[in-house]
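First comes the structure, then the notes that go with it.
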Amino acid sequence: TEWSVADSTTDHLLGSVWGVGPSEVWAVGPYGGVILGWDGALWSTFDSVPWAGIADLWAGGSADLWLAGVSPRHWDGAGWTDIDCPGVLAGHAVWGAGADDVWFSGHGGVFHWDGVDCVEVPGSGSHELYGISGSGPDDVWAVGTGVLHWNGSGLVEIPAPDPDVLHYVHAVSRD
């Protein structure tokens, strides 16, 4: 197979994309304005976004969308909710293992939403973290000015071979 062009029908810059499956893909612009949904054939406007500063998107499904940015937000299928996440000054990335297991990285460290509260994960506050991903609830990686790994019981700092800042990570499997 090969790449094909799928016209987004928007003039907005798109900065983050997340696929739940071949007929459910989401994209968001980093400066606010629009969230797009792909149904397997066409892009359509899912929601107008009045806020600026959206950095990333993660979706567990059409009724479980999460935004990282100036303020974490969650779409539950009926409306948007601001997530009170003390300490998240600028969320750069979001990833989840489920609706009650969502992780944010940003200025100030790693933050975890457990379905009720969003709290800073101890040991992460000394880093500016730009990317976060995992393969499950006990295998989460955050990168930026350091490399951190959540192993299910705590964060472990992993020595990085290159001192430059890392911006992206994608975890596929614990192995």
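Computed values, structure above
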quantity	calculated
Accessible area in square angstrom per residue, the chain, 1.4 angstrom probe	52
Accessible surface, 1.4 Å probe, highest first, among residues VAL165, VAL102	VAL165, VAL102
Among GLY115, GLY29, GLY131, residue whose mean-square fluctuation peaks in a GNM of the chain (springs only between Cα atoms under 10 Å)	GLY115
Centre separation in Å (Cα based) which lies between segment 114-158 and segment 1-44	27
Percentage of interatomic Cα-Cα distances in segment 62-122 larger than 16 Å	33
Ellipsoid semi-axes in whole angstrom, largest first, where each is sqrt(5λ) of the Cα gyration tensor of the chain	26, 18, 16
Heavy-atom SASA rank of THR1, THR10 (probe 1.4 Å, accessible area, largest first)	THR1, THR10
Counted charge near GLY106, where neighbours are those whose Cβ lies closer than 12 Å (Asp, Glu -1; Lys, Arg +1)	-3
Residue of GLY106, GLY154, GLY61 that the Gaussian network model of the chain assigns the largest fluctuation, springs spanning Cα pairs under 10 Å	GLY154
Overall form of segment 107-149 per C-alpha gyration tensor (a/c, 1.5; a/b vs b/c)	oblate
Relative contact order [Cα under 8 Å, 6+ residues apart], the chain, whole percent	11
Projected-area average for segment 90-175 over all orientations - Cα convex hull basis, square nanometres	5.2
The chain: most fluctuating residue of ALA27, ALA41, ALA142 per GNM, C-alpha cutoff 10 Å	ALA41
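The values are calculated or read from the model by the stated rules, or taken from the named source; none is laboratory data. From a predicted model like this one, the values you see are computed outputs, not experimental measurements. With ideal geometry, Cβ positions are generated from the backbone for all residues, glycine too; neighbour counts draw on all protein chains shown. Surface areas here come from the heavy atoms of the whole protein model, side chains and all, with no ligands, DNA or RNA. Shrake-Rupley method; radii C 1.70, N 1.55, O 1.52, S 1.80 Å.
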